[in-house]
Amino acid sequence: MSTPLTGPWWKHAVCYQIYVRSFADADGDGVGDLPGITARLPYLSDLGVDAIWITPFYTSPQHDHGYDVADYCDVDPLFGTLTDFDALLGRAHELGLRVIVDLVPNHTSSAHPWFQAALAAAPGSPERARYLFRDGMGENGEEPPNNWKSIFGGQAWTRVEDGQWYLHLFDTTQPDLDWTHPEVPAMFEDVLRFWLDRGVDGFRIDVAHGMYKAPGLPDADYSAPHPVGPLDQDDPSMVDLPSKDEPMWDQPEVHNLYRRWHQILASYDGDRMGVAEAWTATPEAMAHYVRPDELQQTFNFHWLSAPWSAAAFAEVITGTLDAVGSVGASATWVLSNHDVIRHVTRYGGGARGQARGRAALLAMLALPGSAYIYQGEELGLEQVAVPPELRRDPRSLVTGLVGRDGCRIPLPWGGEQPPYEFGPTAGQPWLPQPEAWAALSVAAQKGVAGSTLEFYREALAVRRTFAETAGDEVEMLDLGADVLAFRRGDLVCLLNCGATAVEVPEGEVLLCSGDVPGASDTTTWLRSPH
Ligand code: NOJ
């Protein structure tokens, strides 16, 4: 059962990320949709999560699978209708599940009416002023206005017919808005209210450290090395934490925007919230997004980026808790999402990756605050190698690199062959599923002791017994250099990252991610009153 719909629900919530294209397909076109989600909501409430976050389902040409929005207040026919959304929301609330929708404010689709009007209008026109159109450098303006690179490869500028350039930090079909133009924040206030009025519980804010750019759009310094995390198999810097001040990210003005949005959220009942997708250099910069008058949560990518090391995990935990504690906020924890290599694969894949994946989950769920899990991790899914001719990520299409498709494969629900009951039609869905996935399907794991699915269900159920009562204080314990160990209230959690087993302190074993408490690559939860 899920928690009752009362209180500041997000503080201790476990939120399940639904990548809408790949969750469940009701109409048989090979792409997931809103009715597909609605039909599977009982699965999620049974799993024991408190909330869902649904990736963008708005009107969109789908160049970046919905992160290119042409109409922020309608549902793309690929995914259903507004009536389907209302049905989803109503059913979720009936089941006690909160619903977070994705807001994409840094850029629109190039198909958005504003951008179409900008293209049709002249340089210097009011229509162009809502985006970042600039004249080029060089004798005939043939060079881009500055040296910024697109996250998806190549330069961040595209030249239009009359010779001007426009900025796009992502795909050329995702023009960046100029947030200093008053019509831009005004439009997004309307969008927030549109979805709040329909009853959503919160927003995941895409590229929340974007929006404002340094005045004058100065060149970036690309020479400083980025701290590397094993997130993207082509280029870790794509989803990596910035190592320094960068003129396109994390500008101070963005915080005034979140102060305004805080007021809008607070004007509605029911603890509506915002969670920032803000990739910041340090936990301190991350905490700026969750000051008391700003957003409620921000994704903790420092946890997701940490290598398999007790010391690294401990450093992230203390750094995070100190940083969010200093502004009176609570923490979030996340291991995977639709942009990064699935964590079982990051941790080495196979049996070792699975063991570490379970251990990392228990470490995360033991910590105070809220946790985000990504669809398919409860099935132990690994990153899939998608052949080049079947890749669909715009980043692959622009650069020829591997890209992010491998963590976005449609879920296997049952059956012996693709689409594994993902949808009602035979054959492969929009991204091909591996042959070996029959054994990983929901139907194959449900009720099977020892399966990843049952492990997740049990972990979430046990977490529920302490999540709200164990308090926010975490005391780090010293059980040797290879062991992450901490106490939270009566709960003691130890994750052995070393190669040899360690002795478990006294207490009642509540849950263990492996067969033997204290074993290598295993997390143990103990009830151990002081
Ligand atoms: C972050 C999203 O998670 C990612 O999937 C998307 O490509 C970019 N933002 C651009 O919107």
If you build the Cα gyration tensor of segment 239-378 and take the root of 5 times each eigenvalue, what three semi-axes come out, in whole angstrom, biggest first?
-> 28, 17, 14
Convex hull volume of segment 107-176 per residue (C-alpha atoms, cubic angstrom) = 73 Å³
Please report, in whole Å, how far the alpha carbons of segment 473-527 spread along each principal axis, starting with the longest.
-> 29, 22, 15
Other-chain or far-sequence residues with amide H under 5 Å of Val14's (modelled H) = Asp50, Ala51, Ala371
Roughly speaking, what is the stretch gain from Ala443 to Val398, that is 0.36 nm per residue apart minus the C-alpha to C-alpha distance, in nm to one decimal?
-> 12.4 nm
Picking from Gly48, Gln155, Val75, whose Cα lies most toward the positive end of the charge dipole for the chain (charges on Cβ: Lys, Arg +1; Asp, Glu -1)?
-> Gly48
Computed ³J(HN,Hα) along segment 512-527: with the Karplus parameters 6.51/-1.76/1.60, θ = phi - 60°, integer Hz and x for glycine or proline, the list is 9, 7, x, 7, 10, x, x, 5, 4, 6, 10, 10, 10, 9, 10, 8
As a check on your grasp of the helix formula, calculate [θ] at 222 nm for the chain: sum -39500 (n - 2.57) over DSSP H runs of n ≥ 4, divide by the residue count, round to the nearest 500.
-> -7500 deg cm²/dmol
Short version: ³J(HN,Hα) in whole Hz for each residue of segment 486-493, in order, from phi by Karplus 6.51 cos²θ - 1.76 cosθ + 1.60 (θ = phi - 60°), x for Gly and Pro, what are they?
-> 8, 10, 9, x, 7, 8, 10, 10
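Given R₀ = 56 Å, FRET efficiency for Ser125-Gln417 by Cβ-Cβ distance, to 0.05? Write out the running numbers ahead of the final one.
Details: r = 55 Å, r/R0 = 0.99.
Given R0 = 56 Å and the Cβ-Cβ separation, E is 0.50.
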Helix 310-326 versus the longest principal axis of the chain: what angle, 0 to 90°, nearest 10, using Cα atoms?
-> 60 degrees
Given 4 °C and 1.567 mPa s, how large is the Stokes-Einstein diffusion coefficient of segment 45-130 in µm²/s, with Rh as the Kirkwood radius over Cα pairs?
-> 88 µm²/s
Taking the alpha carbon gyration tensor of the chain, what are the square roots of 5 times its eigenvalues, largest first, to the nearest whole Å?
-> 37, 26, 23
Loop sites in segment 121-194: GluC sites (Glu not before Pro), DSSP, at most 15 other Cβ within 10 Å | Glu139, Glu142, Glu161
Site Tyr222, offset 7 angstrom along Cα→Cβ, radius 13 Å on amide nitrogen, limited to segment 154-168, gives 154-157
Please check which bits of segment 73-115 a label hung off Asp197 would reach, taking the label as a point 7 Å along Cα-to-C-beta and the cut-off as backbone N under 16 Å.
-> 73-75, 82-83, 86
Nearest-0.05 FRET efficiency for Glu468 and Arg527 at R0 = 22 Å, using Cβ-Cβ distance, is 0.90
Pop the C-beta distance of Leu477 and Val327 into the FRET formula with R0 = 25 Å and round what comes out to the nearest 0.05.
-> 0.45
Likely footprinting exposure, Trp261, Trp10, fewest C-beta neighbours within 10 Å first = Trp261, Trp10
Calculate the spin-label point distance for Asp86 paired with Asp46, positioning each point 7 Å from the Cα along the beta-carbon direction, and give it in nanometres.
-> 2.9 nm
If the cut-off is a Cα-Cα distance under 18 Å, which aspartates and glutamates reach Lys213, setting aside same-chain residues fewer than 8 apart in sequence?
-> Asp135, Asp171, Asp176, Asp178, Glu183, Asp221, Asp245, Glu246, Asp250, Glu253, Glu277
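Taking other Cβ within 10 Å of each residue's Cβ, how do Thr469, Thr81 sort, fewest first?
By the 10 Å Cβ count, ascending, the order reads Thr469, Thr81.
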Quickly work out the Asp135-to-Cys73 label distance, labels modelled 7 Å from Cα along the C-beta direction, and quote it in nm with one decimal.
-> 3.8 nm
Exposure proxy order (Cβ contacts within 10 Å, fewest to most) of Asp250, Asp472 = Asp472, Asp250
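Taken together, the values in this text are just the output of simple stated rules run on the coordinates, not laboratory data. Quantities reported herein were computed from a predicted structural model and do not represent experimental measurements. Cβ sites come from the backbone with ideal geometry, for glycine too, and all protein chains shown count toward neighbours.
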